[in-house]
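See structure below.
The values are calculated or read from the model by the stated rules, or taken from the named source; none is laboratory data. This is a predicted model, so every value here is computed, not measured. Note: ideal-geometry Cβ built from the backbone for every residue, glycine included; neighbour counts use all protein chains shown. Just so you know, the surface numbers come from the protein's heavy atoms only, side chains and all, with ligands and any DNA or RNA stripped out. Shrake-Rupley method; radii C 1.70, N 1.55, O 1.52, S 1.80 Å.
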Amino acid sequence: MRNLYQDILHAKANNQKLLAILIDPDKVEMQVVEVLARKINESPATHIFVGGSYVESSAIDLLITNLKRHCELPVLLFPGNPSQISALADGILFLSLISGRNPDFLIEHQVNAAPIIKKTTLEVIPTGYILIESGKETAVSRVSKTEPLKQENIDYIVDTALAGEMLGKKLIYLEAGSGALNPVSSQIIAKVSASIGIPLIVGGGIRAKSGIQNAYDYGADLVVIGTAFENDLNFFD
């Protein structure tokens, strides 16, 4: 069985940039999954993330099964709560919202998820999740009842990322939020990347391929595209 985290570390060591397509189960009709998977196969994507802040759909297992039928990329869960865990995925970003102080998203959801995950073969990747102000209230902020960190407060963002690394997180995820007006700034990406030794994920508010490249240029190891791809399956054409 492949080790997903070691693959990410290897890519970072070799300056190979990674790209994840984030799929929200609530926004995907099953009849279009084959087309969606084909478009992902034709894109530069290296990973598929599945999950979201709300996710009312009960068809996560079916979605992952259909994705795997048509696409060989690893599928990682990106869960907003324990109800979004599926044993059919390859791994899970075990998220702790370290930018907020809501104990439910720092540790309580993780405690509830642990016995569920223990019964699976999912590769667990502890991830420090940092929500960055994006110009509008995002679903993550509403659901978690936490305030995003201000873009101008770069030193505090860097210190939060460092604390996450020191706590043993294997990834740091800078998130502007789904449908963000503004992506995480280049300056934040550069300073966080230069300060931590673990891989850096950046997502939210990236609407063009130039935005992906910009995040790479300033130090992101893996970029996540969600809304832009949902709205235009020809995004990468």
For Glu137 and Asp26, FRET efficiency with R0 = 22 Å and r from the beta-carbon atoms, rounded to 0.05? 0.75
Considering the Cα trace of the range 131-237, what is its radius of gyration and what is Dmax, both in angstroms? 13.4, 40
In the range 132-237, GluC sites (Glu not before Pro) in a DSSP loop with at most 16 other beta-carbon atoms within 10 Å: Glu137, Glu152
Per-q log10 I(q)/I(0), the range 22-75, q = 0.14, 0.18, 0.20 Å⁻¹ (Debye; single scatterer per alpha-carbon; no solvent): -0.31, -0.52, -0.65
Spacing of the two label points (7 Å from each Cα toward its C-beta) at Lys118 and Gln213, in nm: 4.9
Non-local amide H neighbours of Val224 (under 5 Å, H modeled in plane, Pro and chain starts lacking H): which ones? Ala20, Val202, Gly203, Gly204
State the Cα centre-to-centre distance between the range 30-63 and the range 176-237 in whole Å. 19
In the P(r) worked out for the chain, what percent of Cα pairs fall beyond 26 Å? 31
Using 0.36 nm per residue, how much length does the chain from His70 to Glu108 gain when fully extended, once their Cα-Cα distance is taken away? 10.1 nm
Extended-chain gain in nm, criterion 0.36 nm per residue less alpha-carbon gap, Asp7 and Arg101: 30.7 nm
Heavy-atom accessible area per residue of the chain, all protein chains kept, 1.4 Å probe, expressed in Å², is 46
Could you pull the Cα extents of the range 1-127 along its three principal axes, largest to smallest, in whole Å? 40, 38, 27
Would you please give the residues with an amide H less than 5 Å from that of Glu123, counting only those at least 5 places away or on a separate chain, with H modeled from the backbone geometry? Gly91, Ile92
Of all accessible heavy-atom area on the range 73-222, the percent that carbon and sulfur account for (1.4 Å): 56
The chain - charge dipole about Cα centre, Lys and Arg +1 at Cβ, Asp and Glu -1, debye rounded to 20: 300
Highest GNM mean-square fluctuation, the chain, Cα pairs closer than 10 Å: which of Val111, Val192, Val223? Val111
